[in-house]
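Participant: Sharing a structure below in structure tokens format, with a few things to ask.
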Amino acid sequence: MLYYIFRWLDQFGISGSHLWGYISFRAILAMILALVISAWFGERFIKYLKSKQITETQRDANIDPFGVKKIGVPSMGGIIIIVALLVPVMLLGRLRNVYLLLMIVTTIWLGFLGGMDDFIKIFKHDKEGLKGKYKIIGQVTIGLIVGLVLWASPDVKSNLNLEVANQNGKEIVIKHEAKAEKTLKTTIPFVKNHNLDYSEIVGFLGKYKTAGGWILFVIMTIFVVTAVSNGANLNDGMDGMCAGNSAVIGVVLGILAYVSSHIQFAAYLNIMYIPGSEELVVFFMAFIGALIGFLWYNAYPAQVFMGDTGSLTIGGIIAVGAIIIHKELLLPILCGIFFVESLSVIIQVWYYKLGKRKGIKQRIFKRTPIHDNFRTQDSQLDPECKYLIKVPHGAVHESKITIRFVIITIILAALTIITLKIR
């Protein structure tokens, strides 16, 4: 909104109005504004939640030995993140940009879905919340919408990166195609010819391989949105953990969006040039600011929990942002913590069911998601169950687990950026 106003004023030579044309200016301003809103609005919203008794009503002491102390802490704090994110984006972003619109729709959609889950848990006193199948339907639907818009919109185009030998033939120069066009290619890490083409995967379809490639892309979009959203949801189990990890991930996605929108930097890194993706820089800077402001209240000991309102939204934002800039195949590295959290639950359930068919009570970890394994004491374990991994033998305090997980995410974030040069 403000972007269009000041760009209009720039036509009349009004001093300072030209600054709004710089993505760096708007992005930094968005982060500061989001942080301030998150901190200011957060304090007042927490008081409101307490006054309405929108708080944790039950905690499982068998899973979280310190959890009983958290009864009475306000939940649905994800609303703080969503408000602090959307206000700067609406003020400072170019709202006609298709990528920015997709990010806004994703935020509102998954925020509503997570809010419904938290509402049922708090007001209906049902600890299971929204039924799993309805969550999946909601995640699949937004994934389908994003995939179809990226397929159908004429504004979604990229300039493919090309390796061209110079005149003497001794050096490879990276150039981009002169004309931006729709593409089914995406960046793949650690591979020299690093663009994976979805249409080539279904090359057996012959003349229909392009249509098949787009269908595969939409399916991939649905899978990535659902997987990352659920991964972030599982990671939201300790004070400050999901917000801390996601802020680091947001930094990397902001950097990748910026270099993807800058033709010189895109050439240097040998990646696609994506016109219009610079608006994602504004979005992710606001995202980072909102999360940092939220951490002011969510760090141990938490004064508010984000709930599914926040965690489902955060995961969806990360997934859609990566898909837009053709970096979805980097997410297993960048979101390694989310991936391990989800994988630990999957293999724990599989191993337990395998033993059940044999009449054996068995588990791999003490608890899952994996962060619960580290805070579970041996005295809390089922003596009738066989555990494949019982380390650590004592419980680690959740604040230490959170910091260590964030450190791991920082390492993975650095590795993600490095993959663009390690080919």
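The values are calculated or read from the model by the stated rules, or taken from the named source; none is laboratory data. Just so it is clear, the model here is predicted, and its values are computed rather than measured. Positions of Cβ are generated from backbone atoms using ideal geometry, with glycine treated the same way; all protein chains shown enter the neighbour counts. For the accessible areas, the whole protein counts, side chains as well, though only heavy atoms, and no ligand, DNA or RNA atoms are used. Shrake-Rupley method; radii C 1.70, N 1.55, O 1.52, S 1.80 Å.
Participant: If you take the residues of the range 188-239 that are crowded, with 18+ Cβ neighbours inside 10 Å and of a type in the set (Phe, Trp, Tyr), which of them is farthest from residue 346 (Cα to Cα)?
Facilitator: Filtering the range 188-239 for residues that are crowded, with 18+ Cβ neighbours inside 10 Å and of a type in the set (Phe, Trp, Tyr), the one farthest from residue 346 (Cα to Cα) comes out as 214.
Participant: Taking residue 277, is it among the hydroxyl-bearing types (Ser, Thr, Tyr) and not in a helix (DSSP H, G or I)?
Facilitator: yes
Participant: Do we find that residue 265 is closer than 30 Å to residue 30 by Cα and aromatic (Phe, Trp, Tyr) in this structure? Explain how you work it out, then say what you get.
Facilitator: On the way: closer than 30 Å to residue 30 by Cα: yes; aromatic (Phe, Trp, Tyr): yes.
It is true that residue 265 is closer than 30 Å to residue 30 by Cα and aromatic (Phe, Trp, Tyr).
Participant: Further, regarding this structure: Need pairs with beta-carbon distance below 7 Å; first residue modelled with pLDDT of 90 or more and within the range 20-36, second open to solvent by 70 Å² or more (accessible area, probe 1.4 Å); sequence gap 6+ or separate chains.
Facilitator: 35/292
Participant: Residue 270 - would you say it is open to solvent by 10 Å² or more (accessible area, probe 1.4 Å) and on the phi > 0 side of the Ramachandran plot?
Facilitator: So residue 270 fits the description; yes.
Participant: So how many residues does the range 395-423 have that are within 30 Å of residue 271 (Cβ to Cβ) and among the hydroxyl-bearing types (Ser, Thr, Tyr)? Step through it out loud before you land on a result.
Facilitator: Residues of the range 395-423 within 30 Å of residue 271 (Cβ to Cβ): 405-423.
The next check asks that each one be among the hydroxyl-bearing types (Ser, Thr, Tyr); those that pass are 409, 416, 419.
Here the count works out to 3.
Participant: Let me ask you something else. What's the number of the only condition in (1) in a helix (DSSP H, G or I); (2) open to solvent by 20 Å² or more (accessible area, probe 1.4 Å); (3) farther than 30 Å from residue 55 by Cβ that residue 413 fails to meet?
Facilitator: (2)
Matching residues to (1) at pLDDT below 95; (2) loosely packed, with under 15 Cβ neighbours inside 10 Å:
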residue: 7; (1), (2): yes, yes
residue: 38; (1), (2): no, no
residue: 46; (1), (2): yes, no
residue: 68; (1), (2): yes, yes
residue: 100; (1), (2): no, no
residue: 106; (1), (2): no, no
residue: 113; (1), (2): no, no
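Participant: In the range 255-264, how many are open to solvent by 10 Å² or more (accessible area, probe 1.4 Å) and part of a helix (DSSP H, G or I)?
Facilitator: Kept after step one, since they are open to solvent by 10 Å² or more (accessible area, probe 1.4 Å), are these residues of the range 255-264: 255, 258-259, 261-264.
Now drop any that are not part of a helix (DSSP H, G or I), which leaves 255, 258-259, 263-264.
Selection size over the range 255-264: 5.
Participant: Might you let me know whether the range 342-361 holds any residue that is within 12 Å of the chain's Cα centre (by Cα), surrounded by 20 or more Cβ atoms within 10 Å (Cβ to Cβ) and at pLDDT 95 or above?
Facilitator: no
Participant: Kindly provide the set of residues from the range 368-390 that are open to solvent by less than 40 Å² (accessible area, probe 1.4 Å), closer than 19 Å to residue 337 by Cα and among the hydrophobic types (A, V, I, L, M, F, W, C), ordered by number.
Facilitator: 370
Participant: Follow-up. Looking at the structure I just gave you, is residue 365 open to solvent by 20 Å² or more (accessible area, probe 1.4 Å) and free of Cβ contacts under 8 Å to residues at least 40 places away in the same chain? Full working, then the answer.
Facilitator: Numbers: open to solvent by 20 Å² or more (accessible area, probe 1.4 Å): yes; free of Cβ contacts under 8 Å to residues at least 40 places away in the same chain: yes.
Against the criterion (open to solvent by 20 Å² or more (accessible area, probe 1.4 Å) and free of Cβ contacts under 8 Å to residues at least 40 places away in the same chain), residue 365 qualifies.
Participant: Among what's in the range 115-158 and is small (Gly, Ala, Ser) and part of a helix (DSSP H, G or I), pick the residue that is surrounded by the most Cβ atoms within 10 Å (Cβ to Cβ).
Facilitator: My answer is 143.
Participant: Test residue 405 against the criterion of being surrounded by 15 or more Cβ atoms within 10 Å (Cβ to Cβ) and outside any helix (DSSP H, G or I), and give yes or no.
Facilitator: Answer is no for this residue.
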